[in-house]
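Step one of this worksheet: look at the structure below.
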Amino acid sequence: MHLSIKIIMAYFQRLISCIFVLFLLSLAFACEARVLLDENNANDQGFVRVNGAHFELNGSPFLFNGFNSYWLMHVAAEPSERYKVSEVLREASSAGLSVCRTWAFSDGGDRALQISPGVYDERVFQGLDFVISEAKKYGIRLILSFVNNYNDFGGKAQYVQWARNAGAQINGDDDFYTNYITKNYYKNHIKKVVTRFNTITGMTYKDDSTIMAWELMNEPRNQADYSGNTLNAWVQEMASFVKSLDNKHLLEIGMEGFYGDSVPERKSINPGYQVGTDFISNHLIKEIDFATIHAYTDQWYIMLSGQSDDAQMIFMQKWMTSHWQDAKNILKKPLVLAEFGKSSRDPGYNQNIRDTFMSTIYRNIYSLAKDGGTMGGSLIWQLVAQGMENYEDGYCIELGKNPSTAGIITSQSHAMTALAHLVKI
């Protein structure tokens, strides 16, 4: 009898020990899973995301007011001029501006980042390192563009010339989109930038949430194929390539918004011509996270050139509303007005005209954003620092010298930030 009790007690002791061990193992697995989850969440923190047709930051709607300063890397390549970069970013941050679009390219020529295919100037790359570190310091997110459609800072024409030098048979600059040599040169540049180790922050670019998005090209155009099909194939190939290197950051094309053949009735909204892009089909590519439009009524619209500001504003409002409707209903992706401005070189220009123009655009942006957040924000062209007269293109704004304009910009920044907490998604 006593022997049986001893056997039973020994059995229960072993059973309890096994249960206790299983309990400890379950705790360990739970802790490990929680650590992995926390690490994943930590890695995700700070990156701007897209959720349906709106931007999000750390799980909340993200709306912004921003600006263009294409020249940041070019100036920062010279250490003695870096104070200009700091000045603009500091003043922009004080005005509540939270996104800046700038170039991550300079192909051939003065202060070239890419001197020749695959050959880079470390001094210029360190200038871009500085731009990113300063943007991080002032809480400003960056949209970095990989190449230019135009000849400024090299552009696609420089890639084509490099390919010709390598023996390629090329008909014109628009072969950039189809020639395998130019495409490989371009992919190499993308990889070089995306995987760059920042000498100041100690992070690779692809891991830095200071960067909001990559841009494939500044204002792509293709005169060899106005349908938009050639450009569509190029966007698909390059967007897939970027995402294979970096799936943390957003990606956009850099388009102006011209409609193509996919929705013929929309072509009537274009300012009298096509440029070889198709706003709808190009942005339906799944690797493209959000849509962009640009707007220069004083340059584009031939019928309105030199006419009243009211007439140009009618076109502007139609341009914005049409693309907002398409982004919301067809693309189901966020939309950004990525370039707009009022030139001081326009006939009859004065400061009040620019301020009135900007106020009207900002009101429209706010009104559209209020409806579900599809209109994510806008980027004025462009902010400069003191003593940058040689960069004057008619659109330059120096916040310290233009208090009325600075006030309008600041008000919009605060309005968009407040709206992000109120907008119904």
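The values are calculated or read from the model by the stated rules, or taken from the named source; none is laboratory data. Source: prediction; values computed, not measured. No Cβ is skipped: glycine too gets one built from the backbone with ideal geometry, and neighbour counts run over all protein chains shown. Heads up: the accessible areas ignore ligands, DNA and RNA and are worked out on the full protein's heavy atoms, side chains in. Shrake-Rupley method; radii C 1.70, N 1.55, O 1.52, S 1.80 Å.
Data for the structure
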read-out	value
Residue count, the range 259-274 (criterion: of a type in the set (Gly, Ala, Ser), closer than 19 Å to Lys333 by Cα and open to solvent by 10 Å² or more (accessible area, probe 1.4 Å))	1
Exclusive hit being at positive phi and open to solvent by 40 Å² or more (accessible area, probe 1.4 Å), set Gly228, Gly202	Gly202
Residue within the range 188-198 that is more than 19 Å from the chain's Cα centre (by Cα), closer than 21 Å to Leu231 by Cα, of a type outside the set (A, V, I, L, M, F, W, C) and open to solvent by less than 20 Å² (accessible area, probe 1.4 Å) present	no
Residue count, the range 169-187 (criterion: aromatic (Phe, Trp, Tyr) and either open to solvent by 20 Å² or more (accessible area, probe 1.4 Å) or on the phi > 0 side of the Ramachandran plot (or both))	2
Counted residues, the range 64-92 - those being open to solvent by 10 Å² or more (accessible area, probe 1.4 Å) and either among the aromatic types (Phe, Trp, Tyr) or within 22 Å of His249 (Cα to Cα) (or both)	2
Residue in the range 159-168 that is aliphatic (A, V, I, L, M), over 27 Å from Ile132 (Cα atoms) and crowded, with 19+ Cβ neighbours inside 10 Å present	yes
Single match in Phe130, Phe125 (criterion: farther than 23 Å from Gly228 by Cβ, out of contact with any helix residue (DSSP H, G or I) (no Cβ under 7 Å at 6 or more places or on another chain), aromatic (Phe, Trp, Tyr) and buried (at least 17 other Cβ atoms within 10 Å of the Cβ))	Phe125
Flag for Ser344 being part of a loop (DSSP other than H, G, I, E, B) and open to solvent by less than 60 Å² (accessible area, probe 1.4 Å)	yes
Residues of the range 358-394 satisfying the condition of being in a loop (DSSP other than H, G, I, E, B), crowded, with 21+ Cβ neighbours inside 10 Å and not hydrophobic (A, V, I, L, M, F, W, C)	Gly373, Thr374, Gln382
Criterion violated by Phe29 - all others in (1) at pLDDT 50 or above; (2) open to solvent by 20 Å² or more (accessible area, probe 1.4 Å) satisfied	(1)
Selection count, the range 372-410, where residues are out of contact with any strand residue (DSSP E or B) (no Cβ under 9 Å at 6 or more places or on another chain) and either free of Cβ contacts under 8 Å to residues at least 12 places away in the same chain or among the aliphatic types (A, V, I, L, M) (or both)	8
Among (1) on the phi < 0 side of the Ramachandran plot; (2) charged (D, E, K, R); (3) open to solvent by 40 Å² or more (accessible area, probe 1.4 Å) - the single one Lys332 does not satisfy	(1)
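Quick grid of which residues meet (1) at pLDDT 95 or above; (2) surrounded by fewer than 19 Cβ atoms within 10 Å (Cβ to Cβ):
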position: Lys248; (1), (2): yes, yes
position: Glu252; (1), (2): yes, no
position: Gly257; (1), (2): yes, no
position: Gly276; (1), (2): yes, no
position: Asn282; (1), (2): yes, no
position: Ile288; (1), (2): yes, no
position: Ala291; (1), (2): yes, no
position: Trp300; (1), (2): no, no
